[in-house]
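Colleague: Have a look at this one before I ask anything.
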Amino acid sequence: MIEHDRTFPPEAPPCSAAAAVLDALPIPVALLDPNGVVLEVNAAWRRLAAAGLGLAGTETTGPGTDYVAACAAAVAGGAAPAAAESAAQAVASGLRRVLRADGAAAEGTTFEYEYPIAAGPGGERRWFCLRAVPCGGGPGGVPGGAVALVLHEEITAARRAQAAFAQPEAQLRSILETVPDAMVVIDERGLIQSFSRAAERLFGYTEAEVLGRNVSLLMPSPYREAHDSYIERYLRTGERRIIGIGRLVVGQRRDGSTFPMELAVGEVVCNGDHSAGTAAGPRRLFTGFMRDVTERQETKERLQELQSELLHVSRLSTMGQMAATLAHELNQPLTATTNYLRACQRLLDAPGGPDLERVRQALSLAAEQTLRSGQIIRRLRDFVARGETERRPESAAKLVEEASALALVGVKEHGVRVRLGLAPEAPHVLADRVQVQQVLLNLIRNAIEAMRAAERRELALDVAPAPADEAAVLFSVADTGPGLAPEVAAQLFRPFVTTKAQGLGMGLSICRTIIEAHGGRIWAEPNPGGGTVFRFTLPAAPPEAEEEAD
């Protein structure tokens, strides 16, 4: 800032009655007439001028000085050379706008300009705010014809606090914007408060489009309709079913397509807002991190398919070995049984009458060989059987969610519309999770394949308490395909019965074995809207076991 000679002593006495009022103000104040000429300055202004800080226009302005010109010159002198002219013009035009304000038009007309100065021996950087406001003159206004007040207020502390807050906030924002996982922050009402760049790329919305809207717009049905009740239940009971745990869920993009994603949710409790003078309670915010696992699920599905193919080849090899073993092992007892029975026949037809004792002996030996054949078959069956399954309480809805997230990858590309009907009142089930999900995967994929040539392709997955058995849960997989022919439906769950050109007819047979091993049953029936509905039941877990699972 360029130094100027002062035109008035630092402690000049007030020249009007208004100065006595102005001197009581702690902020430096000057009164200007309609031409921008200084009429009065208060004591704080004179002290500021005496300090020699180089504030805009304070050192060279006293009564009778053109403040607009002096202030513009001072601002230009303290600004960088490249910005000096534009700074001077901005200050001059702003001050003149306030001076021209008149009557009702003066309300709301103010001019503010923030500027830094280097003060003190070490050149400490301090910030001030120049503020000009119209005050009105004449009867009822400020005496002496003053039309504007000019104030200088130091804002160094506020600037430093703002900078101290802005730096970590910018760093945090930079970190969050570079995190590859999508981040969405919602409040207790489920309204979106923050939406990261990764979230914009994942869901197809911009942050401006979703701020203040319910986060359920990022979910397909039925999660969309039930989401607010999840938050309400947590706030009411404190029961955590996803917060701090994470799980696999289904998301929905702006174009309506769905995809499997991992969701991890964290919670933060903020202090209440007391700005309005009310003692508001703590405010909860929930931060969700989401990751699209479509590619991972597809890779997992492919690995499972390869594993299934290897197991299939292994089963075929084992079946061939079993068949050879069975033929070899049964050959001897069956041959012996045949020989003993033929001997009985010869003894009965012998001349002179049958030798009953020898007939009895031959029949006894034939019976022993028949029992031996049965023992061989039982031993091979025990070798193949898996034995008892490992069952534990599982959420019926979660079984369907996880199985469908895997089975429905890419379903939108085939024009299949999916509806999930997961009844919240459905109890847990006692099940081997992997085996039951394998049944669901098989049924869902069969339904999708059945609708390949159908005009209407709608898949419905439902879970609800079994209507005829309170101790069971009913699962349903419905399609809108061509349905089942009566001759196929009658023997659908038998081995080697299939409607697929390349099928072996073992899938549904295995499904029945798994469900029946769990104590349930499986069946198929026509879909009233066209197609087929596969249903199966599983026993419900006891309430105490369900509480342990949660």
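Conditions (1) at pLDDT below 80; (2) touching a strand residue (DSSP E or B) at 6+ places or on another chain (Cβ under 6 Å), marked per residue:
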{"residue": "224", "(1), (2)": "no, no"}
{"residue": "229", "(1), (2)": "yes, no"}
{"residue": "242", "(1), (2)": "yes, yes"}
{"residue": "246", "(1), (2)": "yes, yes"}
{"residue": "267", "(1), (2)": "no, yes"}
{"residue": "278", "(1), (2)": "yes, no"}
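Colleague: Kindly indicate whether any position in the range 421-438 is in a strand (DSSP E or B), out of contact with any helix residue (DSSP H, G or I) (no Cβ under 9 Å at 6 or more places or on another chain) and within 22 Å of residue 257 (Cα to Cα).
Modeller: yes
Colleague: Pick from 169, 154: which is open to solvent by 80 Å² or more (accessible area, probe 1.4 Å) and at pLDDT 70 or above?
Modeller: After applying the criteria, what remains is 154.
Colleague: Mind listing whichever residues of the range 382-427 are open to solvent by 30 Å² or more (accessible area, probe 1.4 Å), among the hydrophobic types (A, V, I, L, M, F, W, C) and modelled with pLDDT under 85?
Modeller: 383, 384, 385, 408
The values are calculated or read from the model by the stated rules, or taken from the named source; none is laboratory data. The structure displayed is predicted, hence computed values, not measured ones. Here the Cβ is made from the backbone with ideal geometry for all residues, glycine too, and neighbour counts use every protein chain on show. These area figures cover heavy atoms from the full protein model, side chains too; ligands, DNA and RNA do not enter into them. Shrake-Rupley method; radii C 1.70, N 1.55, O 1.52, S 1.80 Å.
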